[in-house]
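The values are calculated or read from the model by the stated rules, or taken from the named source; none is laboratory data. Computed from a prediction, not measured in an experiment: that's the story for all the values here. In this analysis, Cβ positions are derived from the backbone assuming ideal geometry, glycine residues included, and neighbour counts consider all displayed protein chains.
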Amino acid sequence: MNIILFGPPGAGKGTQAKMLIEQRGWVQLSTGDMLRAAKAAGTELGKRVAAIIDAGELVSDEIVIALIKERLPEAEAAGGAIFDGFPRTVAQAEALDALLAERGTQVDVVIELKVVDDELIQRLVKRAAEQGRADDTEEVIRNRLKVYYDQTAPLIPYFADQGKLKEVDGMGSMEEVAAGIAAALDAK
Ligand code: AMP
(Lines give C-alpha, C1' and ligand atoms only; values in the text may rest on other atoms or scores of the structure.)
Protein backbone atom coordinates (compact mmCIF):
# COMPACT_ATOMS: atom_id res chain seq x y z
CA MET A 1 0.00 0.00 0.00
CA ASN A 2 1.39 3.39 -0.98
CA ILE A 3 -0.40 6.42 0.38
CA ILE A 4 0.33 10.12 0.09
CA LEU A 5 -0.59 12.36 3.02
CA PHE A 6 -1.17 15.66 1.31
CA GLY A 7 -1.86 19.16 2.57
CA PRO A 8 -0.29 22.47 3.55
CA PRO A 9 2.34 22.85 6.28
CA GLY A 10 0.65 22.44 9.66
CA ALA A 11 -2.17 20.24 8.32
CA GLY A 12 -1.07 17.35 10.57
CA LYS A 13 0.64 15.10 7.99
CA GLY A 14 3.56 14.18 10.27
CA THR A 15 1.31 13.49 13.28
CA GLN A 16 -1.03 11.32 11.26
CA ALA A 17 1.86 9.49 9.58
CA LYS A 18 3.13 8.54 13.05
CA MET A 19 -0.30 7.22 14.05
CA LEU A 20 -0.45 5.11 10.87
CA ILE A 21 2.99 3.67 11.59
CA GLU A 22 1.79 2.51 14.99
CA GLN A 23 -1.50 1.13 13.71
CA ARG A 24 -0.36 -0.48 10.46
CA GLY A 25 3.42 -0.92 10.66
CA TRP A 26 4.04 1.11 7.53
CA VAL A 27 7.08 3.31 6.90
CA GLN A 28 6.90 7.11 6.89
CA LEU A 29 8.86 8.73 4.08
CA SER A 30 9.12 12.39 5.05
CA THR A 31 11.45 14.38 2.80
CA GLY A 32 11.29 17.24 5.37
CA ASP A 33 12.61 14.90 8.10
CA MET A 34 15.32 13.53 5.75
CA LEU A 35 16.45 17.04 4.80
CA ARG A 36 16.45 18.25 8.42
CA ALA A 37 18.52 15.18 9.40
CA ALA A 38 21.05 15.96 6.65
CA LYS A 39 21.19 19.58 7.79
CA ALA A 40 21.67 18.62 11.45
CA ALA A 41 24.41 16.11 10.52
CA GLY A 42 26.17 18.79 8.48
CA THR A 43 26.52 16.56 5.41
CA GLU A 44 27.35 17.98 1.98
CA LEU A 45 23.66 17.73 1.09
CA GLY A 46 22.67 19.34 4.41
CA LYS A 47 24.90 22.34 3.74
CA ARG A 48 23.49 22.72 0.25
CA VAL A 49 19.85 22.77 1.39
CA ALA A 50 20.07 24.63 4.74
CA ALA A 51 19.39 28.15 3.45
CA ILE A 52 16.56 26.95 1.19
CA ILE A 53 14.78 25.17 4.06
CA ASP A 54 15.27 28.11 6.42
CA ALA A 55 13.66 30.44 3.85
CA GLY A 56 10.68 28.08 3.36
CA GLU A 57 11.47 27.56 -0.32
CA LEU A 58 11.48 24.20 -2.09
CA VAL A 59 14.62 22.13 -2.47
CA SER A 60 15.21 20.90 -6.05
CA ASP A 61 13.07 18.07 -7.39
CA GLU A 62 16.22 16.10 -8.20
CA ILE A 63 17.39 16.07 -4.56
CA VAL A 64 14.09 14.97 -3.01
CA ILE A 65 13.40 12.37 -5.69
CA ALA A 66 16.83 10.81 -5.00
CA LEU A 67 16.09 10.74 -1.24
CA ILE A 68 12.77 8.99 -1.81
CA LYS A 69 14.22 6.50 -4.29
CA GLU A 70 16.81 5.41 -1.74
CA ARG A 71 14.13 4.63 0.86
CA LEU A 72 11.56 2.83 -1.32
CA PRO A 73 12.89 -0.71 -0.73
CA GLU A 74 12.55 -0.27 3.05
CA ALA A 75 8.91 0.80 2.69
CA GLU A 76 8.20 -2.06 0.32
CA ALA A 77 9.61 -4.55 2.82
CA ALA A 78 7.29 -3.11 5.50
CA GLY A 79 4.27 -3.47 3.20
CA GLY A 80 3.44 0.20 2.98
CA ALA A 81 4.80 3.68 2.40
CA ILE A 82 3.32 6.87 3.78
CA PHE A 83 4.62 9.75 1.70
CA ASP A 84 4.62 12.84 3.91
CA GLY A 85 5.58 16.19 2.39
CA PHE A 86 6.39 14.51 -0.93
CA PRO A 87 5.49 15.03 -3.75
CA ARG A 88 5.31 18.82 -3.61
CA THR A 89 5.46 19.61 -7.35
CA VAL A 90 3.90 18.03 -10.41
CA ALA A 91 7.40 16.95 -11.56
CA GLN A 92 7.88 15.11 -8.25
CA ALA A 93 4.50 13.40 -8.58
CA GLU A 94 5.34 12.26 -12.11
CA ALA A 95 8.73 10.98 -10.95
CA LEU A 96 7.09 9.07 -8.09
CA ASP A 97 4.57 7.48 -10.45
CA ALA A 98 7.45 6.40 -12.72
CA LEU A 99 9.57 5.06 -9.84
CA LEU A 100 6.69 3.02 -8.46
CA ALA A 101 5.70 1.75 -11.92
CA GLU A 102 9.28 0.46 -12.41
CA ARG A 103 8.78 -1.54 -9.22
CA GLY A 104 5.40 -2.87 -10.35
CA THR A 105 3.41 -0.82 -7.88
CA GLN A 106 1.59 2.53 -7.70
CA VAL A 107 0.19 5.25 -5.45
CA ASP A 108 -3.01 3.74 -4.08
CA VAL A 109 -4.61 6.75 -2.45
CA VAL A 110 -3.94 10.42 -1.74
CA ILE A 111 -5.40 11.73 1.50
CA GLU A 112 -5.82 15.49 1.42
CA LEU A 113 -6.02 16.97 4.93
CA LYS A 114 -8.20 20.08 4.79
CA VAL A 115 -7.39 22.82 7.31
CA VAL A 116 -8.15 26.55 7.02
CA ASP A 117 -5.25 29.04 6.86
CA ASP A 118 -5.87 30.75 10.22
CA GLU A 119 -5.70 27.40 11.99
CA LEU A 120 -2.52 26.42 10.06
CA ILE A 121 -0.75 29.61 11.09
CA GLN A 122 -1.81 29.16 14.74
CA ARG A 123 -0.55 25.56 14.77
CA LEU A 124 2.77 26.47 13.14
CA VAL A 125 3.38 29.37 15.52
CA LYS A 126 2.67 27.01 18.44
CA ARG A 127 5.05 24.40 17.00
CA ALA A 128 7.72 27.10 16.62
CA ALA A 129 7.48 27.81 20.35
CA GLU A 130 7.62 24.08 21.20
CA GLN A 131 10.27 22.82 18.75
CA GLY A 132 12.14 25.94 17.68
CA ARG A 133 12.33 24.98 14.02
CA ALA A 134 14.26 27.63 12.06
CA ASP A 135 11.56 27.66 9.37
CA ASP A 136 8.72 28.25 11.83
CA THR A 137 9.07 32.04 12.24
CA GLU A 138 5.93 33.93 11.25
CA GLU A 139 7.52 35.40 8.12
CA VAL A 140 8.78 32.02 6.91
CA ILE A 141 5.46 30.38 7.81
CA ARG A 142 3.65 32.83 5.51
CA ASN A 143 6.15 32.10 2.75
CA ARG A 144 5.74 28.33 3.20
CA LEU A 145 1.98 28.70 2.79
CA LYS A 146 2.48 30.82 -0.33
CA VAL A 147 4.88 28.22 -1.77
CA TYR A 148 2.27 25.55 -0.99
CA TYR A 149 -0.52 27.38 -2.83
CA ASP A 150 1.73 28.34 -5.79
CA GLN A 151 3.69 25.13 -6.34
CA THR A 152 2.05 22.27 -4.45
CA ALA A 153 -1.72 22.87 -4.60
CA PRO A 154 -1.64 22.34 -8.42
CA LEU A 155 -1.16 18.66 -7.55
CA ILE A 156 -4.77 18.47 -6.35
CA PRO A 157 -6.23 18.29 -9.89
CA TYR A 158 -3.37 15.95 -10.88
CA PHE A 159 -4.39 13.42 -8.20
CA ALA A 160 -8.12 14.02 -8.79
CA ASP A 161 -7.69 13.21 -12.50
CA GLN A 162 -6.09 9.92 -11.48
CA GLY A 163 -9.15 9.21 -9.31
CA LYS A 164 -6.95 8.88 -6.21
CA LEU A 165 -7.86 11.95 -4.18
CA LYS A 166 -9.79 11.62 -0.90
CA GLU A 167 -10.51 14.68 1.22
CA VAL A 168 -10.39 14.33 5.00
CA ASP A 169 -11.38 17.08 7.44
CA GLY A 170 -8.16 17.98 9.25
CA MET A 171 -9.71 20.44 11.71
CA GLY A 172 -10.70 18.00 14.48
CA SER A 173 -8.66 16.33 17.23
CA MET A 174 -5.79 13.98 16.32
CA GLU A 175 -8.08 11.00 16.96
CA GLU A 176 -10.95 12.41 14.88
CA VAL A 177 -8.64 13.07 11.94
CA ALA A 178 -7.14 9.57 12.30
CA ALA A 179 -10.65 8.11 12.18
CA GLY A 180 -11.36 10.09 8.99
CA ILE A 181 -8.18 8.74 7.41
CA ALA A 182 -8.97 5.16 8.48
CA ALA A 183 -12.44 5.46 6.90
CA ALA A 184 -10.92 6.78 3.65
CA LEU A 185 -8.36 3.95 3.58
CA ASP A 186 -10.88 1.26 4.38
CA ALA A 187 -13.17 2.53 1.61
CA LYS A 188 -10.34 1.78 -0.86
P1 AMP B 1 8.25 19.75 5.82
O2 AMP B 1 8.78 19.27 7.12
O3 AMP B 1 7.64 18.70 4.98
O4 AMP B 1 7.35 20.95 5.99
O5 AMP B 1 9.53 20.27 4.99
C6 AMP B 1 10.39 21.27 5.49
C7 AMP B 1 11.14 21.94 4.33
O8 AMP B 1 11.94 20.96 3.64
C9 AMP B 1 10.25 22.54 3.24
O10 AMP B 1 9.81 23.86 3.59
C11 AMP B 1 11.22 22.54 2.06
O12 AMP B 1 12.20 23.55 2.17
C13 AMP B 1 11.93 21.21 2.24
N14 AMP B 1 11.18 20.09 1.59
C15 AMP B 1 10.59 19.04 2.21
N16 AMP B 1 10.02 18.22 1.33
C17 AMP B 1 10.24 18.76 0.10
C18 AMP B 1 9.87 18.39 -1.22
N19 AMP B 1 9.13 17.29 -1.46
N20 AMP B 1 10.27 19.20 -2.24
C21 AMP B 1 11.01 20.29 -2.02
N22 AMP B 1 11.38 20.72 -0.79
C23 AMP B 1 11.01 19.96 0.27
Val107 being under 18 Å from Leu5 (Cα atoms) and away from the ligand (no atom under 12 Å from the Cβ): yes
The range 90-114, residues that are within 28 Å of Met174 (Cβ to Cβ) and buried (at least 18 other Cβ atoms within 10 Å of the Cβ): Gln92, Ala93, Leu96, Val107, Val109, Val110, Ile111, Glu112, Leu113
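Here's the yes/no breakdown for (1) of a type in the set (Asp, Glu); (2) modelled with pLDDT of 95 or more; (3) more than 23 Å from Lys188 (Cβ to Cβ); (4) out of contact with any His (no Cβ under 9 Å at 6 or more places or on another chain):
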residue: Lys69; (1), (2), (3), (4): no, yes, yes, yes
residue: Ala81; (1), (2), (3), (4): no, yes, no, yes
residue: Pro87; (1), (2), (3), (4): no, yes, no, yes
residue: Ala95; (1), (2), (3), (4): no, yes, yes, yes
residue: Gln106; (1), (2), (3), (4): no, yes, no, yes
residue: Val109; (1), (2), (3), (4): no, yes, no, yes
residue: Gly132; (1), (2), (3), (4): no, no, yes, yes
residue: Ile141; (1), (2), (3), (4): no, no, yes, yes
residue: Ala153; (1), (2), (3), (4): no, yes, yes, yes
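Residues of the range 131-188 being of a type in the set (Ser, Thr, Tyr), surrounded by 14 or more Cβ atoms within 10 Å (Cβ to Cβ) and more than 17 Å from Phe86 (Cα to Cα), which ones?
Thr137
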Residue match in the range 115-126 (condition: at pLDDT below 95, under 24 Å from Ile63 (Cβ atoms) and surrounded by 15 or more Cβ atoms within 10 Å (Cβ to Cβ)): yes
